[in-house]
Every structure is written in C-alpha cells, then in structure tokens.
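Data first, discussion second: the structure below is written as structure tokens.
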Amino acid sequence: MATMADLDALAMAMPQTTKEVSEDGRPSYLVHGKMYCFHRSRRPDAVDPASGERMADVLMFRVADLDVKELILSDDRGVYFTTPHFNGYPAVLVRLDEIEPAELEELLADAWLARAPKRLARQFLDARS
C-alpha cells in the first residue's frame, strides 16, 4: 500500500509543484498556488466503519468537475468517499493505506491536471505521450 513517503515523492515529481506543511505536519501540494492534494486531519465526518474511530491518513484530491467526482465515487471497491463537507465541491477523499503507489500516482496526476495552468498541463501531457 502507498505511504506518506510515496505521496511526497510522487507529488513533488509533478511539474512546478510546491509543498506547504501545516503546523501539525500535514502536507498540501500546490501547482501555481492552487492546491491539488492535501493530507486531511482526523475529522468527525470521516469515521472508520469497523472501529468507529476518526480515520487517519485521509487524502483529499481535486477532480476536474462534479461528474468526474461521481464517476470516481462509483468505484465498487469503496476506496473513494466523500463527506457532507465536500458536497458540491470537486474533490474526493481516499485513505492512503487503501491504494497502491501506482493508483496514487494516477490520482495525483489527475488532480494536478485539474489545477495546473492549461499550457503547463498541455506540456505535461505531451511529455507523457
């Protein structure tokens, strides 16, 4: 499963990404000042159904729009979720320990593309082709 070290390495490999760290040590990743992923603190609206405890290692990823959000949330594995806080907002939540590094890399790339300036996004996509 993916780790915080994987998150940091993969996010910082995205072009022109900067990192901000909260007072309690949680990272946020930005492109041109626009956040595309962050490590969410334990919140009362994200509770582990098995233990009843607040979930740790929840990541928030921006998505292109609400249709993409619904598509991602329809994944039948139940890996992705949202909370009422994110209703109407183009973002999905995922527990870091429930995805593999390759899936994390794709999530980061898609989130980055949703926030990057168009010219930079085009350059990134051209380089990947």
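Evaluating kT/(6 pi eta Rh) at 4 °C and 1.567 mPa s, with the Kirkwood radius of the chain over Cα pairs in the Stokes-Einstein relation, gives 86 µm² s⁻¹.
Rounded if a/c is under 1.5, else prolate if a/b beats b/c, else oblate: with a ≥ b ≥ c from the C-alpha gyration tensor eigenvalues square-rooted, which is the stretch 33-104? Because its axes are fairly even, with a/c under 1.5, the stretch 33-104 counts as rounded. Amide H to amide H distances under 5 Å link Ile99 with Ala2, where only residues 5 or more positions off or on other chains count and H is placed in the peptide plane. Stretched out straight at 0.36 nm per residue, the stretch from Ala5 to Lys118 would grow longer than its current Cα-Cα span by 37.8 nm. Shown is the FRET efficiency for Val21 and Ala127, computed with R0 = 25 Å from the Cβ-Cβ distance and rounded to the nearest 0.05: 0.35. For the chain, the mean residue ellipticity at 222 nm estimated from helices alone is -10000 deg cm²/dmol, where every DSSP H run of n ≥ 4 contributes -39500 (n - 2.57) and the total is divided by all residues, rounded to the nearest 500. Taking square-rooted eigenvalues a ≥ b ≥ c of the alpha carbon gyration tensor, is the stretch 82-127 rounded, prolate or oblate, where a/c under 1.5 means rounded and, failing that, a/b exceeding b/c means prolate? It is oblate, given that a/c is not under 1.5 and a/b is not larger than b/c.
Every read-out reported here was derived from the displayed coordinates using simple, explicitly stated rules and does not represent laboratory data. Quick caveat: nothing in here was measured; it's all calculated off a predicted structure. Note: ideal-geometry Cβ built from the backbone for every residue, glycine included; neighbour counts use all protein chains shown.
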